[in-house]
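Report on the following structure.
The values are calculated or read from the model by the stated rules, or taken from the named source; none is laboratory data. These numbers come from a predicted model, not from an experiment. Virtual Cβ from ideal backbone geometry, glycine too; neighbours counted across all protein chains shown.
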Amino acid sequence: MSALSPTLPVPVPDIDDGPFWSAAATQRLVFQRCLECGLHRHPPAPMCPRCQSTHCDWPEAPSRGTLFSFTVTHVAPHPALRDATPYVVALVAFPTLDGVRLVTNIVESQLQEIRIGAEVELVWQPLGTDLHVPRFRLLSPGRNP
């Protein structure tokens, strides 16, 4: 999947995930963190599942993670994705953030190279005029820091 269709529906942020999408609009990946016990969590929620605190902040996440799971989608669930198939729906894990996982896509990568446990790096794809969506690509040996 190389580009998102301009006819793809955009997320409608709510009180819980609004900060996530505001940061994404400026190409920053953030996850919710409890200010009482320090637990990172995603998806966002009004209360910490560990200590029940309602106080949180939104620190920036690492730009790299690992591929926890994935599936290849061959049938588009929305007409705007019809020309994008096949594409990879992935679950990217952030081990340093209490195991936070993000549902996303793997882009700019060959399907036959995708494997669970692979290192991935963040890339941003525009969706509309004022939103960016976090996607990931395989970290190739030539793309080391």
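Considering the conditions (1) within 27 Å of Glu119 (Cβ to Cβ); (2) polar (S, T, N, Q); (3) over 19 Å from the mean Cα position of the chain (by Cα), Gln52 is excluded by exactly one of them, (1). Scanning the stretch 108-137 for residues that are over 20 Å from Ala23 (Cβ atoms) and either in the same structural domain as Arg50 (by TED's automatic domain parsing) or touching a residue at least 40 places away in the same chain (Cβ under 8 Å) (or both) gives Glu108, Ile114, Arg115, Ile116, Gly117, Ala118, Glu119.
Rundown of residues vs (1) within 19 Å of Glu108 (Cα to Cα); (2) surrounded by 13 or more Cβ atoms within 10 Å (Cβ to Cβ), yes/no style:
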position: Pro9; (1), (2): no, no
position: Trp21; (1), (2): no, yes
position: Arg64; (1), (2): yes, yes
position: Thr71; (1), (2): yes, no
position: Arg82; (1), (2): yes, no
position: Val92; (1), (2): yes, yes
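Residue check: Val103 meets all listed conditions (1) surrounded by fewer than 17 Cβ atoms within 10 Å (Cβ to Cβ); (2) of a type in the set (A, V, I, L, M); (3) not assigned by TED's automatic domain parsing to the domain that holds His132 but one, namely (3).
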